[in-house]
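Participant: Could you have a look at this structure, given as structure tokens, before my questions?
Read-outs: derived from the displayed coordinates by stated rules, not from any lab. Since the model is a prediction, treat every value here as computed from it, not as a measurement. Here Cβ is always computed from backbone atoms with ideal geometry, including for glycine, and neighbour counts include all displayed protein chains.
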Amino acid sequence: MFQKIMILVDDQLPSQAAIHQGIELAGVHHASAVYLYVPPAYSFPMVDMPGGGMAAFASHTAEQFEQQAQAKASEVLQAAQAAAEVAGVSSACTIAPGNASAGYVAEAAVTQGCDLILVASSSANAVVRLLTGNIIPGLISRAPMPVMICPAPHAQS
């Protein structure tokens, strides 16, 4: 039924569950996986600095943030590809810009030829997800293919 599955990943625990569920689903359907790492967006720290020092502070901070985000993306994507390889699922990786929107993700899925998007959902309620910028509602309404939402694993007590 599915030939290529896009799996949205980041460095959070729910994403790890989505990776494993996506690999299982790809294995069942003899599909390939496309991992799309969506890094957090950089937010400019608002501080007052006399003498125009704010520009130097901001560019250095943004550069450091970008380097850290790229390093984390590489780490997460390599682990996801290794897990897919162990399961016999072919995979590819790509990194979205830090300000990726639901529209960007939907367009990337079309460009990659995916026929399913798999995304993790945290256990936070709908209001919290909306306030923190979760792209799931927008993705559901914009994607021309099905969007499968994987719930966060429950903590064991």
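Participant: Please list, in order along segment 107-114, the HN-Hα scalar couplings obtained from phi with the Karplus expression 6.51 cos²θ - 1.76 cosθ + 1.60 (θ = phi - 60°), rounded to whole Hz, x for Gly and Pro.
Facilitator: Calculated HN-Hα couplings, in order: 5, 5, 5, 5, 4, 7, x, 7 Hz.
Participant: Give the long-range amide H neighbours of residue 34: residues separated by 5 or more places, or on another chain, with amide H under 5 Å away, using H modelled in the peptide plane at 1.01 Å from N.
Facilitator: Here the answer is 5, 6, 7, 92, since their amide H atoms fall under 5 Å of that of residue 34.
Participant: Then there's this: Compute the signed sum of charges (Lys and Arg +1, Asp and Glu -1) over the other residues within less than 11 Å, Cβ to Cβ, of residue 144. Write out the running numbers ahead of the final one.
Facilitator: Values: positive: 142; negative: 107, 115.
Result for the local shell: -1.
Participant: What is the sum of charges, Lys and Arg at +1 and Asp and Glu at -1, for the other residues whose Cβ falls under 15 Å from the Cβ of residue 105?
Facilitator: With Lys, Arg at +1 and Asp, Glu at -1, the net is -1.
Participant: In sequence order, what are the phi-derived ³J(HN,Hα) couplings for segment 8-15 according to the Karplus relation 6.51 cos²θ - 1.76 cosθ + 1.60 with θ = phi - 60°, rounded to whole Hz, with x for glycine and proline?
Facilitator: Couplings: 6, 10, 8, 9, 9, 4, x, 5 Hz.
Participant: Would you mind counting up the charge near residue 25? Only other residues with Cβ under 13 Å from its Cβ, with Lys and Arg at +1 and Asp and Glu at -1.
Facilitator: Within the 13 Å Cβ shell, the charges total -1.
Participant: Under a crude label model (7 Å from the Cα following the beta-carbon direction), how far is residue 86 from residue 13 in nanometres?
Facilitator: Result for the modelled spin labels: 1.9 nm.
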